[in-house]
Amino acid sequence: MDSNDFLEMFIEESKEHLQAMNEELLNLESEPDNTAIVNEIFRSAHTLKGMAGAMGFEDMASLTHEMENVLDLVRNSKLRITVEIMDVIFKCVDHLEKMVTNIEQGGDGKEDVSETVKQLTMIKDPSFNIQEESFAGAQEVAATAELVMDEYQMSVINEAWKTGNKVYQIQVTLDHNCMMKGVRAYMVFQAAEEYGEIIQTNPSVEKIEEDEFGDSFTLLLLSESELRVIQTEISNISEVKEVIITESLTQKLEEVESVNASEIEKQEQTSTIQTKAAQDHGKKKHRSKSIRVDIEKLDHLMNLFSELIIDRGRLEQISRKSDLAELTETVEHMTRISTDLQGLILNMRMVPVEQVFSRFPRMVRDLAKDLNKKVQLVVEGAETELDRTVIDEIGDPLVHLLRNALDHGLESTEERISSKKSEEGIILLKAYHSGNQVFIEVKDDGKGINREKVLKKAIERSVVTVEEAKSLTDSQVYALIFSSGFSTADKISDISGRGVGLDVVKTKIESLGGVISIDSTPGQGSMFRIQLPLTLSIIFSMLVKVAEETYAIPFNSIVEITSISPEDVATLHGQRVIQFRKQVVPLVYLNEVFQVPIVDEGTDRQFYIVIVRKGDKTVGLVVDSVLGQQEVVLKSLGGFLTNLYAISGATILGNGEVALIIDSNQFIN
């Protein structure tokens, strides 16, 4: 493994630890006395420090070291969590995120953290402490192969042993020629922590991180797993020369009873909680047989499969034209296998929306403080999966919707009290599947959308006329807030009302092949619902003919297909329309839009209408014939053909013909 591989692993795992710290810090705000949460944060900070130190990112290692010192005081009951302390630790995480981003972009990870370090130092000063309790009790020493336990560690071991854990002493020897031994040691720690909790090392973690341990080191692990399983896992790490594991301390644990009984009684509840957390942590991180795969490799795999889909279509056409039973049977079998393969590849690309959702609790917490509002963010359906390409794009629109809900949707505390609502506003972020679509909802229990205020602003900006405004339904009025630059904010702030309205959200959602709608009830709140396709790579479409040209219309936008005669078409205000199911539907003639010459101009010719929908609006696309449905591979038109009106890409059909894929959303305003 070269240095680039180490760097990539460092960046990915740093992001995971930082996200975990953000989540646990939010939990700690709700449960400031929960020592198990502090231990989780401490563990992540400690791991980050080790990784950063081994990779030579000193600013990052120094900051996490100072964080560790404060967290250590908290978990040992020498310091009580306060709002001020939480703010400083959150600020530390912000610094660390900036450092990791800088490193990812090729930088050196340096960041001016002097002011934050000064604040951490003040916290450690006794004069800053709100509560300081002496960690009473004489130090009890249990020596096992030079591993020295303090009273706290021995109490944890004792409780863990009572609940079925074993205590393993693991001696690891690395290859003498091993490069970056600190990083390799970290990999050993990581593998060991999959099976339990490391409670001690020799030499110290600091020495190991600085490569000051020769070729070997020893660690003590609490685990429910079998010795041979752990030994096999660690031995499989490259450049690990020897692993010696012995089960230890089980006979000596009874000697811990000599520790002051009253002190144990005082710490019994805390130790039990910590042990329970360690056990739960071990169960949750039970070794899963999985590997990291670069997204570019998955994209390449999808491209190769796309070619296979094209060839499959070609073979199906050849098979239908031939009378060879063996060919037909082989093609049918290939179709079944490739369909299963397609499902597998698409499933590999699917990731839970939790990857996006997980960053929002922290954002909402900070914005709520800025706005002086009490807000609870409820997240549901975080396990719902979406294609990675969609996941990468959906974050910014959701950020905008959540900020909008916080600033515009939820009332101030005083307004909520006067309206006989709870002081704390609730924002629901929910995701769920329905068919081959994914729905994401952002809902608040605030004041709802003010219809008259929206109409007034829309008329001022000439979005609608006074006459048009009189006939608009509530849903049509609410949709006006998606107009370019539209905002009803009374004053400009860093959160909203900056001239960048919800039109950017709508544009992004539609570029992903989705739609967004609004539902609002005055005094009760609003809900923004986003509808997205599961994947953007392979889509079900209806193939249609316009003269000699073939086009593909995505299935997710089609409502119905019907055939009509020219005499069924009427003209209303200069727009050709048809009456369809008690509704007036405007028509779009694709031959005119795409300038396709029509050979047969006879007045008696029959043509087809493909009814497509966007939100609550519909239009009819006029085509000459409908060929049938087909699975097509969406391909980009390249850099020379950009911003083509109503075209989202192209696909290659089984006969080798190129068909353009229609973006019907652009036909509907």
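Listed values, structure above:
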read-out: Total residues in segment 73-128, condition free of Cβ contacts under 8 Å to residues at least 40 places away in the same chain and of a type in the set (S, T, N, Q); value: 6
read-out: Residue count for segment 372-404, restricted to those that are on the phi > 0 side of the Ramachandran plot and either crowded, with 16+ Cβ neighbours inside 10 Å or under 16 Å from the mean Cα position of the chain (by Cα) (or both); value: 1
read-out: Residues of segment 601-620 that turn out to be within 35 Å of the chain's Cα centre (by Cα) and at pLDDT below 70, as a count; value: 1
read-out: Matching residues in segment 52-78 - criterion: being in contact with an Asp or Glu (Cβ under 7 Å, 6 or more places away or on another chain) and either acidic (D, E) or within 21 Å of G109 (Cβ to Cβ) (or both); value: G53, A54, D59
read-out: Residue within segment 516-530 that is surrounded by 15 or more Cβ atoms within 10 Å (Cβ to Cβ) and closer than 20 Å to T651 by Cβ present; value: no
read-out: Per-region count, segment 506-534, residues farther than 16 Å from L398 by Cα and over 22 Å from the mean Cα position of the chain (by Cα); value: 7
read-out: Some residue of segment 44-54 being surrounded by fewer than 18 Cβ atoms within 10 Å (Cβ to Cβ) and without any contact (Cβ under 8 Å) to a residue 60 or more places away in the chain; value: no
read-out: In segment 288-310, residue modelled with the lowest pLDDT [restricted to those that are surrounded by 12 or more Cβ atoms within 10 Å (Cβ to Cβ) and in contact with a helix residue (DSSP H, G or I) (Cβ under 9 Å, 6 or more places away or on another chain)]; value: I295
read-out: Residue in segment 375-395 that is of a type in the set (K, R), in a loop (DSSP other than H, G, I, E, B), assigned by TED's automatic domain parsing to the domain that holds V515 and in contact (Cβ under 8 Å) with a residue 12 or more places away in the chain present; value: no
read-out: Verdict on E197 being out of contact with any Phe, Trp or Tyr (no Cβ under 9 Å at 6 or more places or on another chain) and under 30 Å from T163 (Cα atoms); value: yes
read-out: Exclusive hit being assigned to a loop (DSSP other than H, G, I, E, B), modelled with pLDDT of 85 or more and not hydroxyl-bearing (S, T, Y), set D72, D87, D108; value: D108
read-out: D340 being over 23 Å from F439 (Cα atoms), at pLDDT below 90 and not in a helix (DSSP H, G or I); value: no
read-out: Candidate set from segment 622-669 (those that are in a loop (DSSP other than H, G, I, E, B), small (G, A, S) and out of contact with any Lys or Arg (no Cβ under 8 Å at 6 or more places or on another chain)); member that is modelled with the lowest pLDDT; value: G639
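The values are calculated or read from the model by the stated rules, or taken from the named source; none is laboratory data. Keep in mind that this is a model prediction, so the values were computed, not measured. Positions of Cβ are backbone-derived with ideal geometry, glycine not excepted, and every protein chain shown enters the neighbour counts.
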